[in-house]
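The values are calculated or read from the model by the stated rules, or taken from the named source; none is laboratory data. No experiment lies behind these values; they were computed from the predicted model shown. Note that we place each Cβ from the backbone using ideal geometry, even for glycine, and neighbour counts take in every protein chain shown.
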Amino acid sequence: MNQPPENAVSIREATTCDIDTLVEYNSQLARETEGKELNRETLRAGLEVLLADSTKGKYLVAEISGKVVGQVMFTREWSDWRNGEFWWLQSVYIASHFRRQGIFKQLYQAIVERARARTDVVGIRLYVELQNKIAQSTYEQLGMQAAGYSVMETLELQNPDPA
């Protein structure tokens, strides 16, 4: 029987068993990209809600030898103009020792395959920090392009955490 190579990447949906890793990776993501320290209790609660209700979104994780080394979450946005859904990629994180090895590309391709298998998904979007040129280059290499929009927001409507 053929065994996969020791460093083969496998992609799967995250489960509640992954929550500690998701908390850690999201905390590192906020620290690295925005210099923010997330409230881990709020983050854990948000992850628990999402993992319990797939209508809010889903996480895919990349594993090597049973260890989660990367993650991406996608959420859905309905477009009346296109009569379909956009899937928004969020919480993209690859553990530092595994970057620049094509792991995000595999996560992205898994999401694209899922989207193409449906008739109601019209596109995939994400937002990226304007200063994060490395991430922008990665996304462009995968065929993504700037959409011509700026993201604007109002925060702290009900949650006092500043993230």
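Laid out as a table, the results:
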quantity	calculated
Given (1) surrounded by fewer than 13 Cβ atoms within 10 Å (Cβ to Cβ); (2) modelled with pLDDT under 95; (3) outside any loop (DSSP other than H, G, I, E, B); (4) not acidic (Asp, Glu), index of the condition residue 78 fails	(2)
Pairs with Cβ under 6 Å, 6+ apart, first in the stretch 143-157 and within 27 Å of residue 106 (Cβ to Cβ), second surrounded by 10 or more Cβ atoms within 10 Å (Cβ to Cβ)	151/127
Evaluation of residue 69 against (1) part of a strand (DSSP E or B); (2) in contact with a helix residue (DSSP H, G or I) (Cβ under 8 Å, 6 or more places away or on another chain); (3) of a type outside the set (Gly, Ala, Ser); (4) under 20 Å from residue 133 (Cα atoms) (one fails), failing number	(4)
Residues located in the stretch 15-39, provided they are in a helix (DSSP H, G or I), farther than 18 Å from residue 107 by Cα and out of contact with any helix residue (DSSP H, G or I) (no Cβ under 6 Å at 6 or more places or on another chain)	17, 20, 24, 27, 28, 30, 31, 32, 33, 34
Residue list for the stretch 30-60, filter: acidic (Asp, Glu) and at pLDDT 95 or above	37, 41, 48, 53
Pairs where the first residue, in the stretch 1-22, is within 13 Å of residue 51 (Cα to Cα) and at pLDDT 95 or above and the second is of a type in the set (Phe, Trp, Tyr) and buried (at least 16 other Cβ atoms within 10 Å of the Cβ), C-beta under 8 Å, 6+ apart	13/59; 14/59; 18/59; 22/59
Failed item in (1) part of a strand (DSSP E or B); (2) in contact with a Gly (Cβ under 8 Å, 6 or more places away or on another chain), with residue 91 passing the rest	(2)
All positions within the stretch 44-64 that are outside any loop (DSSP other than H, G, I, E, B), of a type outside the set (Gly, Ala, Ser) and closer than 13 Å to residue 90 by Cβ	47, 50, 58, 59, 60
Subset of the stretch 43-81 [basic (Lys, Arg) and either under 16 Å from the mean Cα position of the chain (by Cα) or over 22 Å from residue 10 (Cα atoms) (or both)]	44, 56, 58, 76
